[in-house]
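What follows is a short report on a single structure.
The values are calculated or read from the model by the stated rules, or taken from the named source; none is laboratory data. Keep in mind the model is a prediction, meaning the values are calculated, not measured. We place every Cβ from the backbone using ideal geometry, glycine too, and count neighbours over all the protein chains shown.
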Amino acid sequence: MKRLLSVLSLVALVGLGLTSNLSFAEDMAAAATEVTTEVAAATVDAVAPAEVTPAEAAPAPVPNKGDTTWMIVATALVTLMAIPGLGLFYGGLVRQKNMLSVLMQTFVIFSLLGILWALYGYSVAFTAGNPFFGGFSKAFLAGVTPESIAATFSKGVYIPELIFVAFQLTFAAITPALIIGAFAERMKFSAVLAFMVLWFTFAYLPIAHMVWYWDGPDAITTAESLNTVLANAGWLWAKGALDFAGGTVVHINAGVAGLVACLVLGKRIGYGKEAMTPHSLTLTMVGVSLLWVGWFGFNAGSNLEANGYAALAFVNTMLATCAATLSWMFVEWFHKSKPSMLGGASGAVAGLVAITPACGFVGPMAAILIGLLVSPLCYIFVSKVKYMFNYDDALDVFGIHAVGGIFGALATGVFVNPALGGAGVVDYVANGVAAYDFGAQMTAQVWAVGTAVVVSATVSYIALKVVDLLIGLRVSEESEREGLDTTEHGERAYHM
């Protein structure tokens with residue numbers, strides 16, 4: 001427990017220390033009065049028009065076929081990230097006797113969470129309720145039809161609601177799957193599934209609602225209407241937090257959960273005494289390449305439209321990942337005298353993570369800088385801090401996803417500034433770009449980071465304890481030594 005408190009203190013230092021001098025009260029006043037909204041706060045259902053007589057009724061908006069096509073492609077790309085991308089990336093990093101267990105966990109988690117998303121997840125995340133979670137008006141996808149539409153970030157522009165549901169499903173399904181890398185090779189399959197149901201329900205859905213829920217751009221016409229939108233929106237969205245594609249919702253959320261899980265379960269048998277090297281860096285390279293390709297759907301698809309902002313997110317994703325790959329390689333080369341394939345892959349993921357919250361807000365040169373800076377930071381955590389605090393984060397979920405996500409979220413608040421080449425945030429009342437306020441924006445980013453850390457850590461700890469009480473978390477020592485492939489699934493990845 002002492003290690004848990006120590007490391008969580010370290011998380012708070014990384015995420016909150018840089019801007020501890022900012023006033024939260026000042027942020028709350030700014031959120032209520034600043035006439036700004038973000039280009040990239042995630043969308044929600046189209047706002048219902050006010051009641052009018054049939055003669056006054058405006059024609060129903062028609063989704064753009066180009067935007068719809070792009071969103072179908074983006075959704076398929078994010079699915080590629082999870083199955084097979086994440087499975088192969090993680091699978092190659094574990095020992096041979098646990099390869100299939102990682103593939104099975106990734107595959108089944110994606111399937112399970114996809115069903116839960118349709119049953120109640122979409123409704124809780126993306127319908128009106130309160131600032132912290134939505135309601136059940138669209139549980140079981142009630143009212144979601146081929147004719148229903150969802151807002152984008154441009155006034156008068158919509159996509160079919162069904163493709164928005166499917167796109168967000170892929171986010172909800174891949175995020176819990178990221179966590180398994182932290183406790184790989186030692187957790188019961190049944191416990192994994194039970195934990196994911198609880199964590200998805202009480203950590204992912206509230207954070208998604210708080211960060212991404214709002215009434216859509218057509219609801220904003222005047223300063224008064226903006227105040228109404230702010231009152232209806234998710235808590236962090238109303239504060240002005242920027243997260244284009246999931247720095248807080250996905251990466252900090254999953255990374256912190258991974259840290260708590262590996263601390264609660266304890267270290268693998270033989271950790272620090274036996275070699276636990278990756279069994280196939282070839283498969284890891286294939287997996288990270290699929291992640292990189294799929295990430296274009298993840299980031300550029302989060303714009304929900306095929307326009308210049310999608311192009312900006314695409315280019316920034318490419319450049320930040322290239323820069324982070326090179327940065328990690330050179331840091332490792334200097335530190336260990338040899339650059340490794342594992343290091344290159346780790347750098348690529350760090351770059352993808354860090355640019356995720358920023359990709360639609362910052363300029364290309366800022367994206368390169370973010371990529372260059374995030375790799376040394378993550379490298380320190382996976383090569384120094386982890387051993388300093390003696391926790392067994394098997395595949396460095398915390399060191400890359402949480403740390404990279406925290407850095408990316410804070411960097412977004414800095415480089416969104418148009419004076420630094422950023423796109424700024426949209427003022428839907430004035431139909432322009434709002435004035436940049438460093439103090440207010442960074443305070444909002446700190447609120448988002450801190451909230452994600454606290455919610456994920458708290459929910460994860462409680463959920464793990466509940467699962468441990470009901471069915472137990474960890475496999476037996478005999479099963480762990482033999483490998484989860486045979487003891488949990490009765491199969492082997494290789495027959496030699």
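Is segment 299-307 home to any residue that is in a helix (DSSP H, G or I), of a type outside the set (S, T, N, Q), buried (at least 22 other Cβ atoms within 10 Å of the Cβ) and modelled with pLDDT of 95 or more? Looking through segment 299-307, at least one residue is in a helix (DSSP H, G or I), of a type outside the set (S, T, N, Q), buried (at least 22 other Cβ atoms within 10 Å of the Cβ) and modelled with pLDDT of 95 or more. For segment 76-91, the condition holds for at least one residue, the condition being that it is touching a residue at least 40 places away in the same chain (Cβ under 8 Å), surrounded by fewer than 22 Cβ atoms within 10 Å (Cβ to Cβ), hydroxyl-bearing (Ser, Thr, Tyr) and assigned to a helix (DSSP H, G or I). The set of residues from segment 327-354 being aliphatic (A, V, I, L, M) and within 18 Å of the chain's Cα centre (by Cα) comprises 348, 349, 350, 352, 353, 354. Selection within segment 191-210: residues that are surrounded by 21 or more Cβ atoms within 10 Å (Cβ to Cβ) and touching a strand residue (DSSP E or B) at 6+ places or on another chain (Cβ under 9 Å). The member of this set that is farthest from residue 156 (Cα to Cα) is 195.
Taking segment 335-431 and the helices (runs of 4 or more DSSP H) fully enclosed by it, the elements with 2 or more residues that are at pLDDT 95 or above and buried (at least 24 other Cβ atoms within 10 Å of the Cβ) are at 341-355, 364-380, 403-415.
So, residue 336, is that one touching a helix residue (DSSP H, G or I) at 6+ places or on another chain (Cβ under 8 Å), free of Cβ contacts under 8 Å to residues at least 60 places away in the same chain and among the basic types (Lys, Arg) or not? No, not satisfied.
Considering each of 208, 150, 177 in turn, give the residue that is assigned to a strand (DSSP E or B), among the hydrophobic types (A, V, I, L, M, F, W, C) and either at pLDDT 95 or above or under 25 Å from residue 251 (Cβ atoms) (or both). Break it down into steps so the answer makes sense when it comes.
On the way: 208 fails: assigned to a strand (DSSP E or B); 177 fails: assigned to a strand (DSSP E or B).
Matching residue, one of 208, 150, 177: 150.
When segment 123-150 is filtered for residues that are more than 19 Å from residue 451 (Cβ to Cβ) and not aliphatic (A, V, I, L, M), the ones remaining, listed by number, are 123, 127, 135, 136, 137, 138, 140, 143, 145, 146, 147, 148.
For segment 196-229, a tally of residues being within 18 Å of residue 132 (Cβ to Cβ) and within 23 Å of the chain's Cα centre (by Cα) returns 18.
Quick check: is even one residue across segment 470-479 surrounded by fewer than 15 Cβ atoms within 10 Å (Cβ to Cβ), assigned to a helix (DSSP H, G or I) and of a type in the set (D, E, K, R)? Yes, segment 470-479 has at least one match. Filtered by the rule that a residue be closer than 13 Å to residue 346 by Cβ, over 19 Å from the mean Cα position of the chain (by Cα) and crowded, with 23+ Cβ neighbours inside 10 Å, segment 308-326 gives a lone residue, 325. Within segment 261-298, the set of residues being part of a loop (DSSP other than H, G, I, E, B) and either touching a Ser or Thr at 6+ places or on another chain (Cβ under 9 Å) or of a type outside the set (A, V, I, L, M) (or both) comprises 266, 267, 268, 270, 271, 272, 273, 274, 277, 278, 279, 280.
Just one residue in the set 469, 464 is without any contact (Cβ under 8 Å) to a residue 40 or more places away in the chain and farther than 17 Å from residue 358 by Cα; that residue is 469.
So that you can scan it fast, the table gives a plain yes or no per residue for (1) over 22 Å from residue 443 (Cβ atoms); (2) touching a strand residue (DSSP E or B) at 6+ places or on another chain (Cβ under 8 Å):
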{"residue": "188", "(1), (2)": "yes, yes"}
{"residue": "233", "(1), (2)": "no, no"}
{"residue": "236", "(1), (2)": "no, no"}
{"residue": "269", "(1), (2)": "yes, no"}
{"residue": "278", "(1), (2)": "yes, no"}
{"residue": "283", "(1), (2)": "yes, no"}
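Scanning segment 211-260 for residues that are buried (at least 24 other Cβ atoms within 10 Å of the Cβ), hydroxyl-bearing (Ser, Thr, Tyr) and assigned to a helix (DSSP H, G or I) gives a single hit, 248. If the condition is being in contact with a Leu (Cβ under 8 Å, 6 or more places away or on another chain) and of a type in the set (S, T, N, Q), then segment 429-464 contributes 441, 443, 445, 451. Could you go through segment 99-122 and let me know if any residue there is part of a loop (DSSP other than H, G, I, E, B) and over 25 Å from residue 448 (Cα atoms). There is no residue in segment 99-122 that is part of a loop (DSSP other than H, G, I, E, B) and over 25 Å from residue 448 (Cα atoms).
Yes/no matrix, rows are residues, columns are (1) of a type in the set (Lys, Arg); (2) touching a Phe, Trp or Tyr at 6+ places or on another chain (Cβ under 7 Å); (3) surrounded by fewer than 19 Cβ atoms within 10 Å (Cβ to Cβ); (4) within 30 Å of residue 64 (Cβ to Cβ):
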residue	(1), (2), (3), (4)
112	no, no, yes, no
123	no, yes, no, yes
138	yes, yes, no, yes
186	yes, no, no, no
